[in-house]
Amino acid sequence: MRVPFQYIIRNLLVRKVTTGLTAGGMALVVFVFASILMLDEGLKKTLVNTGEINNIILTRKGSDTEVQSTIYRDQASIIETKPIVANSVDATPLLSKELVVLISLQKSNAKQQSNVVVRGTSTKGFELRPDVQISEGNFFRSGSSDIVIGSAIAKEYSNTNLGDQIYFAQRLWTIVGVFDAKKTAFDSEIWVSREQLMQAFRRKNFSIIVFRSTEKQSINTIQKEFDSDPRLSLDVKLEQDFYKDQSKALSKFINILGMTLTIIFSVGATIGSMITMNAAVANRTNEIGTLRALGFKKIEILTAFLIESIVLALIGGLIGVFGATFMEFSDFTTTNFQTFADLSFGFVMTPIIALKALIIATLMGVIGGTFPAFHAANLEIVDALRSK
Amino acid sequence: MTTPIVEITDLRKSYFRGEQVVEVLKGINLKVSEGGFTALMGPSGSGKSTLLNLIAGIDKPDVGSLTISGLDISSLSENDLAEWRSNNVGFIFQFYNLMPVLTAEQNVELPLLLSDLDAKSRKSRSRTILEMVGLGDRLDHYPNELSGGQQQRVAIARAIVTDPTLIVADEPTGDLDRNSASDVLNLLQRLNSEAGKTIIMVTHDISATHVANEVVHLDKGELISNEASNK
């Protein structure tokens, strides 16, 4: 490219208003695109990070969610005796039999109620998930109507201070603690004594069983072992994979919505860029004629205008990515279509997302700039020189 | 007559104006000597600017032969012609045609970007030429910070920075006051007499022809006289 880069940059700078408006339009598209990808990344990160790497989760065969699953007490007794289940420090199986139910709670900033997961568990549930730590107050006492709530629940729902009482399953439950689950899906849950929850909901069976495996066997080997016992018709998954799978439907929805918005916005921004570049060509017809007369070739003029369009788009792209990084300071709560429970997650920016957003910006620049650049390169020199 | 640098034989050029064909040049025959200073004169629409554009290689004839330094430029491809222009022709326009977003130095450096010179040599050469035209103290000035005469001198510096064989000037004094016009004409005359540059200049101004050593009159697309100037 022999047309000086400074010529391109200064031409953008002297047209401050049009450059600003066009770059602003592009920034908006890139902002939306990057934010959607960040949301999807946040969702995946929240659900992928949920659970421990060596934890195995058992659900009834064919159940996609914990709420749908049922594990009978006699099945649970058999599982507890399996050699693959690691022992806790007190020599008892490191295994948690859990009941998972949904309740409705009033959000603090909305009129409607939202579904919240209530997990009936025991101290073993905490032991299996060392990332879940009480940040305020205490653990619930076994056999009591105490509950501990995730940090996202404490933030987004009304009457969720320590000592407040929540009514569900025809009982008042007292909040005795808040736990921090390091921005995983557990942060959007309420944990309670399993036996109390089973009584309150009149349930005899558990929803899931989570255990720590003694050795690193492939999940297929463990599945085969369970399949070989006709009494245990269960699905076996790594706990992290189980929660990751729960992000699929919502992730797909976010991506489709995001892509639709991005496509619609980007068409507008690309047309804006095309108009700006066309105006640039029209205003500089005489300059183009002069450059061609001096000996610059058509391809050099085409490249110069195309680069100008790309630079313009990249300015917008960088502004958009910069703006999107501020989304990391906010959280997003929505219903997970698979579990029907509310899930709180943040926006997460990664280098790949920034790169993808800048690629989108570049594409808009290329598409928006191609026609005007082609037009500029193909102007007749004599006609261009006559232009004022 | 010394060796001709420009040899034009039966040159014709027409344009379409709507559906009407306008014959602008009707079989021009002309020779311009190497190191000469030729003024093309004639009323508006006589075809002088068209003839200059053809000689400069920014337009192509319909019929006829147009040879510059022995090369038939009408047979060159678009890219070859662009390269030929960058190496052989220096342009001076009536309205200077400087890039408004580049400084005087950057404007002069522009044609050198098409050469093999490195950045340091390009800069040094641009500065030398600007000093030669008396604008050594205006290197970093943008065109809108210069007077018309100064802008035309920057344009002249740009035209000669590549040391071209031929300088074409289209009404170089047409937009200047009397004093600035006189400065520009004197500069062109120096380039011709001291640096030996061949100059072809289109002008309306009879007084501008005193710097030329040959005046060619055109009217209605035909060459009506070709006379030595009485300078």
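The values are calculated or read from the model by the stated rules, or taken from the named source; none is laboratory data. Computed from a prediction, not measured in an experiment: that's the story for all the values here. No Cβ is skipped: glycine too gets one built from the backbone with ideal geometry, and neighbour counts run over all protein chains shown. Keep in mind that these areas ignore ligands, DNA and RNA; they rest on the heavy atoms of the full protein, side chains included. Shrake-Rupley method; radii C 1.70, N 1.55, O 1.52, S 1.80 Å.
Residues A:Ser77, A:Ser35: which one is among the hydroxyl-bearing types (Ser, Thr, Tyr), more than 26 Å from A:Phe201 (Cα to Cα) and at pLDDT 90 or above?
None of the others qualify; the one that does is A:Ser35.
Give all pairs with beta carbons closer than 6 Å in which a residue from the stretch A:195-222 that is free of Cβ contacts under 8 Å to residues at least 24 places away in the same chain meets a residue that is open to solvent by 60 Å² or more (accessible area, probe 1.4 Å); count only pairs at least 6 apart in sequence or on separate chains.
none
Which residues, counting only those in the stretch A:251-276, are aromatic (Phe, Trp, Tyr) and within 30 Å of A:Phe371 (Cα to Cα)?
A:Phe265
Can you spot a residue in the stretch A:312-320 that is β-branched (Val, Ile, Thr) and more than 40 Å from the chain's Cα centre (by Cα)?
no
Could you check the stretch A:1-94 for helices (runs of 4 or more DSSP H) lying wholly inside it with 3 or more residues that are in contact with a helix residue (DSSP H, G or I) (Cβ under 8 Å, 6 or more places away or on another chain)?
Helices (runs of 4 or more DSSP H) meeting the threshold: A:5-14, A:16-48.
If I ask for residues that are open to solvent by 10 Å² or more (accessible area, probe 1.4 Å), within 11 Å of chain A (Cβ to nearest Cβ) and part of a helix (DSSP H, G or I), which ones from the stretch B:112-124 would you list?
Hits for the stretch B:112-124 are B:Leu113, B:Leu114, B:Ala119, B:Arg122.
It is to be established whether one or more residues within the stretch A:86-96 are in contact with a Ser or Thr (Cβ under 7 Å, 6 or more places away or on another chain) and surrounded by fewer than 23 Cβ atoms within 10 Å (Cβ to Cβ).
Within the stretch A:86-96, one or more residues are in contact with a Ser or Thr (Cβ under 7 Å, 6 or more places away or on another chain) and surrounded by fewer than 23 Cβ atoms within 10 Å (Cβ to Cβ).
Give all pairs with beta carbons closer than 9 Å in which a residue from the stretch A:30-41 that is small (Gly, Ala, Ser) meets a residue that is at pLDDT below 90; count only pairs at least 6 apart in sequence or on separate chains.
These pairs meet every condition: A:Ser35/A:Gly258.
Six or more apart or on different chains, Cβ under 6 Å: which pairs go from a residue in the stretch A:59-86 that's touching a residue at least 40 places away in the same chain (Cβ under 8 Å) to one that's part of a loop (DSSP other than H, G, I, E, B) and β-branched (Val, Ile, Thr)? Could you list them?
Sorted first by the residue in the stretch A:59-86, then by its partner, the pairs are A:Arg60/A:Thr70; A:Thr65/A:Thr339; A:Ile84/A:Thr214; A:Ala86/A:Thr214.
With the checklist (1) open to solvent by 30 Å² or more (accessible area, probe 1.4 Å); (2) at the interface with chain A (Cβ under 9 Å from one of its Cβ atoms); (3) not charged (D, E, K, R) in hand, flag the one item B:Ser44 doesn't pass.
Going through the list (1) open to solvent by 30 Å² or more (accessible area, probe 1.4 Å); (2) at the interface with chain A (Cβ under 9 Å from one of its Cβ atoms); (3) not charged (D, E, K, R), B:Ser44 breaks only (2).
Where in the stretch A:290-388 are there helices (runs of 4 or more DSSP H), lying wholly inside it, with at least 2 residues that are open to solvent by less than 10 Å² (accessible area, probe 1.4 Å)?
A:298-325, A:351-377
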